[in-house]
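S.K.: Before I ask anything, let me first share the structure, which is written out below as structure tokens.
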Amino acid sequence: MKKSMKKVTAMALASAMALSLAGCGGSGSTTKATEAASGTQAQKQEQAKAETQPESIMILGQSSSEANLNILRDQLTKAGFQVEINMQPDYASMTAQQDAGNFDLLITGWTTVTGNVDYAVRGILHSTGDYNKSPLIDAKVDELIDKGASETAEVSVATYTELENYLVTENAFFFPLYSSMKMQAYNNQLLKAESVYQPKSRPGRWEMYEYIDAANNDTRALTLTQTSASPSSLDPIQANDGTMNGLSGNMYVKIVNLTDDDAITTDSSLSHVYAIEEGNSEYYFLLRDDVFFSKAENGHAVNTGVRVGGEDVVFSLDRAKDKNSVATHKTYTLHNHMAQVEIVTDMAELSSAKETSGSGTILDALNAGVDTPIAALTADDEAADNAAGTYQVVKITTTEPFPQVLNYLAHQSAGILNKDQVAEMNSKFDVASYDPTKDVCYGDFSAIKSGDNHLWCSGPYQFVAVDDYGINFEKNPGYMADDEAFAPRIANIYMKFIKDSTSATSAFRAGEVDLLGSVSATDVDVVEADSKFTVMKRSSNSVTYCIPNLREGSKLNDKDLRLAILHAINQDDFIAYNNGYVMPVYSTVGTLVETGNVLKQDLAKSAEHLAAYQAK
């Protein structure tokens with residue numbers, strides 16, 4: 001997931017660099033161990049530098065990361081590199097340069113939106129990862145990722161620590177810059193404080209927002225903001241960026257969710273309760289019967305009367321795990337641990353299968369989550385009647401014991417779609433010969449913007465209209481309508497397109513935006529200076545880092561050169577520029593597992609590795 005940063009000023013950079021210079025001499029190594037006396041360090045550094053010539057390095061990034069680009073450039077220049085910056089105006093332009101290989105280092109970022117370590121590493125580091133853009137192809141990295149995924153949380157700490165050490169300390173395949181705090185701001189004179197949640201990983205919970213003046217809930221649109229005016233797709237398996245995660249997470253219901261602190265919950269999900277069979281390979285979900293699909297009709301959300309049921313769950317999760325279900329599948333590797341998804345109709349299976357804790361059967365565990373016990377099971381979506389004891393149960397069997405499957409089911413890509421609507425849209429072309437210039441598939445944003453709003457939404461909000469300035473959403477009238485805990489409070493949400501964080505903050509302060517989902521670290525103080533605004537702060541799973549170009553022929557395939565870059569990085573400069581609102585980090589693992597690793601700048605080691613590289 002990508003992040004933006006306020007443009008750097010000469011004064012701010014001067015201040016940050018001053019801090020860097022003050023803390024460099026003998027500042028340490030990439031582990032907790034301290035180095036020798038500063039005088040010895042300085043001598044070693046000067047000797048190594050005398051043996052080297054400036055080495056050219058090109059850093060690629062977006063203009064929104066201009067501060068990061070400039071800080072890193074100055075650090076590498078100080079370490080003996082000749083740095084060129086390739087700064088692109090937007091994500092699409094940067095991706096084009098990345099695909100063309102026009103970089104040595106790429107500044108990017110990742111947010112673990114599922115709250116589990118496997119998601120923090122698999123997509124960006126595993127050889128099969130959808131977002132492994134270096135690309136990093138290393139058998140030991142793959143082995144450690146796969147091993148950690150199969151272990152319980154407690155046991156996996158050692159495995160993920162070994163992975164981080166191999167990845168960063170030993171090989172410098174990953175260059176950490178900082179971990180961002182998650183900060184959002186809202187107008188406390190407009191919104192009830194208790195209705196504004198700040199989840200660590202999951203997107204904002206739109207259905208919970210509520211005005212202080214209850215009369216506004218039905219009459220006043222709540223204005224949010226995002227940077228992207230052109231989402232790549234509104235099909236949850238064809239997009240996996242920060243802005244789509246927020247939209248999709250509120251348009252499509254899932255069978256489980258995350259709490260604000262990343263625990264698995266069924267709150268505001270399609271399930272009353274879930275249970276795990278002993279062995280950790282079979283997962284059962286007892287479905288609600290009060291969620292219906294909505295669609296846009298004459299610019300408003302209407303209840304289709306079509307229940308979101310087991311057939312839609314099986315269809316949606318089968319296509320989520322099938323890499324060939326769509327031409328541009330972006331999230332297949334999140335779901336390929338599901339071997340089978342099915343509807344259970346045999347009560348005997350539930351009463352004989354043992355729950356993983358050993359406290360009873362699967363039937364006992366499912367009954368504990370509902371007021372009316374299970375009397376009958378049905379495969380027919382329309383036959384479900386929870387009040388009468390008739391339920392649907394979906395069972396997921398994994399390829400191996402894999403408890404982390406629950407975290408992936410909480411990801412936006414596991415959103416439940418209407419099987420008939422998707423089939424109708426996607427039957428008009430062959431997936432194998434899909435041509436994006438002429439074929440229109442489910443979720444095609446350009447078609448929707450042109451007036452073909454074919455979306456059926458199972459979540460709390462329906463996408464009803466879009467133009468160049470924003471998207472209008474209306475609450476789904478068929479979403480848990482009689483459930484006071486989870487029925488959407490505010491009738492209308494407006495997602496305003498604002499291209500950068502500075503402009504978004506200005507719009508928020510001017511009253512044009514009601515809730516600012518992301519507050520730049522450099523803007524926190526000015527926002528907090530106004531008493532009508534509340535800034536909520538917490539740690540996050542968001543990491544900004546660099547990846548090396550590891551394509552054939554790239555100089556960054558040399559480990560000594562990578563280590564020279566790693567030891568030149570001083571995270572204190574990034575922390576100072578961001579007014580202390582970002583934190584040190586060692587890898588994407590480090591926000592979830594305490595590994596004990598700390599990155600400290602060591603210019604002597606940097607110079608030694610650079611000399612070793614150049615000597616070759």
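S.K.: Answer with yes or no whether E282 is surrounded by fewer than 18 Cβ atoms within 10 Å (Cβ to Cβ) and over 18 Å from M251 (Cβ atoms).
M.R.: For E282, the condition - surrounded by fewer than 18 Cβ atoms within 10 Å (Cβ to Cβ) and over 18 Å from M251 (Cβ atoms) - is not met.
S.K.: For residues that are crowded, with 19+ Cβ neighbours inside 10 Å and either assigned to a strand (DSSP E or B) or basic (K, R) (or both), tally how many sit in the range 240-271.
M.R.: The qualifying residues number 4.
S.K.: I would also like to ask the following. Considering (1) free of Cβ contacts under 8 Å to residues at least 12 places away in the same chain; (2) open to solvent by 40 Å² or more (accessible area, probe 1.4 Å), say which one P373 fails and leave the rest.
M.R.: Going through the list (1) free of Cβ contacts under 8 Å to residues at least 12 places away in the same chain; (2) open to solvent by 40 Å² or more (accessible area, probe 1.4 Å), P373 breaks only (1).
S.K.: Could you say whether any residue in the range 565-573 is over 23 Å from the mean Cα position of the chain (by Cα), in contact (Cβ under 8 Å) with a residue 12 or more places away in the chain and surrounded by fewer than 18 Cβ atoms within 10 Å (Cβ to Cβ)?
M.R.: Checked the range 565-573: no residue is over 23 Å from the mean Cα position of the chain (by Cα), in contact (Cβ under 8 Å) with a residue 12 or more places away in the chain and surrounded by fewer than 18 Cβ atoms within 10 Å (Cβ to Cβ).
S.K.: Of V326, V306, V313, V302, which residue is in a helix (DSSP H, G or I), of a type outside the set (S, T, Y) and either within 25 Å of Y442 (Cβ to Cβ) or in contact with a Pro (Cβ under 8 Å, 6 or more places away or on another chain) (or both)?
M.R.: Matching residue, one of V326, V306, V313, V302: V313.
S.K.: Would you be able to tell me the number of residues in the range 342-374 that are of a type in the set (V, I, T), at pLDDT 95 or above and either closer than 16 Å to I396 by Cα or touching a Lys or Arg at 6+ places or on another chain (Cβ under 8 Å) (or both)?
M.R.: Number satisfying all stated conditions: 5.
S.K.: Another question about this same structure. Within the range 345-366, can you find the residues that are touching a helix residue (DSSP H, G or I) at 6+ places or on another chain (Cβ under 7 Å) and without any contact (Cβ under 8 Å) to a residue 24 or more places away in the chain?
M.R.: S351, T361, L363
S.K.: Under 9 Å by Cβ, and 6 or more places apart or on different chains, what pairs join a residue from the range 70-93 that is within 28 Å of K600 (Cβ to Cβ) with one that is open to solvent by 60 Å² or more (accessible area, probe 1.4 Å) and acidic (D, E)?
M.R.: R73/E84
S.K.: Kindly indicate which of N86, N132, N68, N102 is open to solvent by less than 10 Å² (accessible area, probe 1.4 Å) and either of a type in the set (S, T, N, Q) or under 28 Å from A410 (Cα atoms) (or both).
M.R.: None of the other options fit; the residue is N68.
S.K.: Another question about this same structure. Anything in the range 355-379 that is among the hydrophobic types (A, V, I, L, M, F, W, C), over 15 Å from F285 (Cβ atoms) and part of a loop (DSSP other than H, G, I, E, B)? List them, or say none.
M.R.: A375
S.K.: Would you say S195 is in contact (Cβ under 8 Å) with a residue 40 or more places away in the chain, farther than 17 Å from P488 by Cβ and surrounded by fewer than 21 Cβ atoms within 10 Å (Cβ to Cβ)?
M.R.: No; evaluated as a whole, the condition is false for this residue.
S.K.: Could you check, for the range 33-53, whether at least one of its residues is of a type in the set (A, V, I, L, M, F, W, C), closer than 23 Å to R562 by Cβ, at pLDDT 95 or above and open to solvent by 10 Å² or more (accessible area, probe 1.4 Å)?
M.R.: No, the range 33-53 contains no residue that is of a type in the set (A, V, I, L, M, F, W, C), closer than 23 Å to R562 by Cβ, at pLDDT 95 or above and open to solvent by 10 Å² or more (accessible area, probe 1.4 Å).
S.K.: Same structure again: Looking at F486, is it over 22 Å from the mean Cα position of the chain (by Cα) and touching a residue at least 24 places away in the same chain (Cβ under 8 Å)?
M.R.: Yes: the conditions hold for F486.
S.K.: Also, I was wondering about something else. So in the range 157-183, with the set limited to residues that are among the hydroxyl-bearing types (S, T, Y) and touching a residue at least 60 places away in the same chain (Cβ under 8 Å), which one is surrounded by the fewest Cβ atoms within 10 Å (Cβ to Cβ)?
M.R.: T169
S.K.: What are the residues in the range 413-446 that are among the acidic types (D, E) and either crowded, with 19+ Cβ neighbours inside 10 Å or not in a loop (DSSP other than H, G, I, E, B) (or both), if any?
M.R.: D420, E424, D444
S.K.: Restricting the search to the range 294-341, which residues are crowded, with 20+ Cβ neighbours inside 10 Å, among the β-branched types (V, I, T) and in contact with a Cys (Cβ under 9 Å, 6 or more places away or on another chain)?
M.R.: Once the filter is applied, which keeps residues that are crowded, with 20+ Cβ neighbours inside 10 Å, among the β-branched types (V, I, T) and in contact with a Cys (Cβ under 9 Å, 6 or more places away or on another chain), the range 294-341 yields only V326.
S.K.: Return the residues of the range 446-497 that are touching a Ser or Thr at 6+ places or on another chain (Cβ under 6 Å) and either under 19 Å from V422 (Cα atoms) or not charged (D, E, K, R) (or both); say none if nothing qualifies.
M.R.: Residues satisfying the conditions are C457, Q462, N476, G478, F486, Y494.
S.K.: Which condition does D130 not pass, out of (1) in contact with a helix residue (DSSP H, G or I) (Cβ under 6 Å, 6 or more places away or on another chain); (2) within 13 Å of T595 (Cα to Cα), if it passes all the others?
M.R.: (2)
S.K.: What number of residues in the range 584-616 are in a loop (DSSP other than H, G, I, E, B), within 30 Å of S540 (Cα to Cα) and in contact with a helix residue (DSSP H, G or I) (Cβ under 8 Å, 6 or more places away or on another chain)?
M.R.: Adding up the residues that qualify gives 13.
S.K.: Looking at A529, A576, can you tell me which residue is without any contact (Cβ under 8 Å) to a residue 12 or more places away in the chain, over 23 Å from A172 (Cα atoms) and either among the small types (G, A, S) or in contact with a Pro (Cβ under 9 Å, 6 or more places away or on another chain) (or both)?
M.R.: Step by step, each of A529, A576 is checked, and only A529 is without any contact (Cβ under 8 Å) to a residue 12 or more places away in the chain, over 23 Å from A172 (Cα atoms) and either among the small types (G, A, S) or in contact with a Pro (Cβ under 9 Å, 6 or more places away or on another chain) (or both).
S.K.: Could you tell me whether the range 395-412 includes any residue that is part of a loop (DSSP other than H, G, I, E, B), of a type in the set (S, T, N, Q) and free of Cβ contacts under 8 Å to residues at least 24 places away in the same chain?
M.R.: No: zero hits.
S.K.: Could you check the range 135-147 and list, in sequence order, the residues that are open to solvent by less than 20 Å² (accessible area, probe 1.4 Å) and either within 17 Å of the chain's Cα centre (by Cα) or more than 21 Å from F402 (Cβ to Cβ) (or both)?
M.R.: L136
The values are calculated or read from the model by the stated rules, or taken from the named source; none is laboratory data. Nothing here was measured: the structure is a model prediction, and the numbers come from that model. Methodologically, a virtual Cβ is constructed for each residue, glycine included, from the backbone with ideal geometry; neighbour enumeration extends over all protein chains shown. Each accessible area value is taken on the protein alone, full model and side chains, heavy atoms only, with ligands, DNA and RNA left out. Shrake-Rupley method; radii C 1.70, N 1.55, O 1.52, S 1.80 Å.
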